[in-house]
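What follows is a single structure, written as structure tokens, with notes after it.
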Amino acid sequence: MKKILWMILALLSSGSAYARQEVTVAEAKTMHDDRQVTLTGTISGRADDDHYWLKDSTGRIRVDIDDDDDDDDRYLIGKKVRITGEIDRDDGYSEINVDRIFILK
């Protein structure tokens, strides 16, 4: 019984760590739809209404940051951030639907 419990705990802990795996922009662009990822980079600009560009040393990707605050540009553009969210692949393009964002600098 203890062996089964330890196996279940090991599987659960490895799955949650894997879901939070930090990846580069280039890696995120090759991953499957709905995959949970964490990326670190700089918000380089606004793409459109709720979309921004996240840039790291491997490229840039569009990120969807849902927020009702129209003043986001002042707080986000040029800031180094860590985001967690899921990959959304539509029409051959990838973007990240952001669940959490942390401003690092």
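Each value in this text was obtained by applying a stated rule to the coordinates, not by laboratory testing. On a predicted model such as this, the values are computed, not experimentally measured, just so you know. Reconstructed Cβ throughout: ideal geometry from the backbone, glycine too, with neighbour counts over all protein chains shown.
Fewest-first ordering of 95, 86 by other beta carbons within 10 Å of each residue's beta carbon gives 86, 95.
Taking 7 Å steps out from each Cα toward its Cβ at residue 90 and residue 32 produces label points 2.1 nm apart. Dividing the convex hull volume of the alpha carbon atoms of segment 20-103 by its residue count gives 84 Å³ per residue.
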